[in-house]
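Here the structure comes first, spelled out in structure tokens, and everything after it is commentary.
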Amino acid sequence: MKLMDTRKAAGQVLCQDITQIIKGGYKGPVFRKGHVITEEDIPVLLSVGKDHIYIWEHDDTMLHENDGARILCDLCSGSNIAHADDIKEGKIEFTAGCDGLLKVDTERLNKINSLGEMMIATIHGNFPVKKGDKLGGTRVIPLVISKEKMEKAAATVEGAHILNILPYQQRKAGIVTTGNEVYYGRIEDTFTEVVISKLRAFGVEIVGHEISSDDPEMEIQCIRKLIDEGADMICCTGGMSVDPDDKTPYAIKTVCGKPGIYGAPVLPGAMFMLDYYGEEDIPVMGLPGCVMHARRTIFDLVLPRIMAGEHLAKEDIDTLGEGGFCLNCRVCTFPNCGFGK
């Protein structure tokens, strides 16, 4: 590209969009990249502060910002990622192509952003999104960038993609309510309706609800019964603390045949448990009492990932500590907040 006095630019080809900003909210291009400048255009260019402009000169070693942005777009656009066909001021934004869980390859994202002269910005990964939601955007910083640098960016991702969306799966849930106080009718069960509400927000079908006393053998039977009836997800409520009568972790461990994950670095939700049953990897969750009364808990962080088909290991739960403290804001904006991020 070549820098030129605007007053002498008639007949030249613009190599960038020329933007006009008007107080009151308007921002948009008055001329697009590739426009051939006429004498009538010169006063307009001067009125938007362009006493000098860049005109296009062919160079086989360099790429225009728009071409670089397209390359970055291709590196980001994995499964179920949508983007606009047009490029505005060298920028491309991404949107969700379906409801699901956004996955961000953080390591590769950081590598590309560390190369310089290019950027990719996204929302946080493991974020539940709906079709059409904005996910991020990318652009090349200078007006032109070397082809070699863009080839290096492509090599960084090694054929993978920075962004993918895992669509939610269709699941059938069984709920086991535990506690002598509910089983014998001493108090009303107010926990189950909360769990059902959260599950139905993801389209989960409830195939059964069992109420158990604090007898661990009864709870074991309830869990197994729901699995036999076709449940591919189990939520156990109650009996998750360290009190001597709380045997839900024992029951889950017995059914699944292995220790599972008990405890999470999240408040509210420290007493959460997750295990998997059989070759089908049926998730069996023990939900602590906070899920009943707190607006957002560990359950809200884990459920979208389970619905997207992820098998969560202890390492996945361990990383929830940073961002795992809910501020219980008066106006809850979850998931558009720092909880779990």
Placing +1 at every Lys and Arg Cβ and -1 at every Asp and Glu Cβ, with all other atoms neutral, what dipole size does segment 235-341 have around its Cα centre, in debye to the nearest 20? 420 debye
For Rg and Dmax of the Cα atoms in Å, with candidates (1) 27.4, 90; (2) 25.0, 97; (3) 25.9, 88, the value calculated from the shown model is option (1)
Ordering of 40-50, 264-274 by burial proxy (mean other Cβ atoms within 10 Å per residue, highest first): 264-274, 40-50
Unsatisfied cross-links (Cα-Cα over 25 Å) in the set K27/K50; K198/K314; K33/K130; K130/K341; K2/K91; K130/K253: K33/K130; K130/K253
Karplus 3J(HN,Hα) series, Hz, for segment 179-196 with 6.51 cos²θ - 1.76 cosθ + 1.60 (x for Gly, Pro): x, 4, 5, 8, 4, 8, x, 6, 9, 7, 6, 10, 7, 4, 5, 5, 5, 4
Quick one: putting +1 on the C-beta of Lys and Arg, -1 on the C-beta of Asp and Glu, what dipole do you get for the chain around its Cα centre, in Debye to the nearest 20? 1160 debye
At a probe size of 1.4 Å, how large is the accessible area of D51, to the nearest 10 Å²? 70 Å²
Once the dipole of the chain is set up with Lys and Arg at +1 and Asp and Glu at -1 on Cβ about the Cα centre, which of V284, A270, G239 lies farthest towards its positive end? A270
Quick one: the Cα spread of segment 1-139 along its three principal axes, in angstroms, biggest first? 52, 40, 21
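Lys and Arg at +1, Asp and Glu at -1: add these up for the other residues within a Cβ distance under 10 Å of L274 and post the number. Each step should come with its number before you reach the end.
Details: positive: K314; negative: D275, D316.
With Lys, Arg at +1 and Asp, Glu at -1, the neighbours total -1.
How large is the helix-only mean residue ellipticity at 222 nm for the chain, computed as the sum of -39500 (n - 2.57) over DSSP H runs with n ≥ 4, divided by its residue count, in deg cm²/dmol to the nearest 500?
Details: 11 runs with 93 residues, N = 341.
The per-residue figure over the chain is -7500 deg cm²/dmol.
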Residue (of Q12, H209, T297) at the positive-pole extreme of the chain, dipole from beta-carbon charges: Q12
Segment 114-158-segment 231-256 distance, computed between alpha-carbon centres (Å): 44 Å
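Any idea what the dipole of segment 259-319 comes to, in debye rounded to 20, about its Cα centre with Lys/Arg Cβ at +1 and Asp/Glu Cβ at -1? Don't skip to the answer; put the middle values down first.
Working: 4 positive and 9 negative charges, 87 e Å.
With Lys and Arg at +1 and Asp and Glu at -1, about 420 debye.
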Among beta bridges that DSSP assigns inside segment 219-341, antiparallel share in %, nearest 5: 60 percent
For C332, what is the net charge nearby, where nearby means another residue's Cβ is under 9 Å from its Cβ and Lys, Arg count +1, Asp, Glu -1? +3
Just to confirm a number: summing +1 for Lys and Arg and -1 for Asp and Glu over residues other than H161 whose beta-carbon lies under 9 angstrom from that of H161, what do you get? -1
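The values are calculated or read from the model by the stated rules, or taken from the named source; none is laboratory data. Nothing here was measured: the structure is a model prediction, and the numbers come from that model. Every residue, glycine among them, receives a Cβ derived from its backbone with ideal geometry; neighbour counts consider all protein chains shown. Ligands, DNA and RNA are stripped out before the accessible areas are found, and what is left, the full protein with its side chains, is counted by its heavy atoms. Shrake-Rupley method; radii C 1.70, N 1.55, O 1.52, S 1.80 Å.
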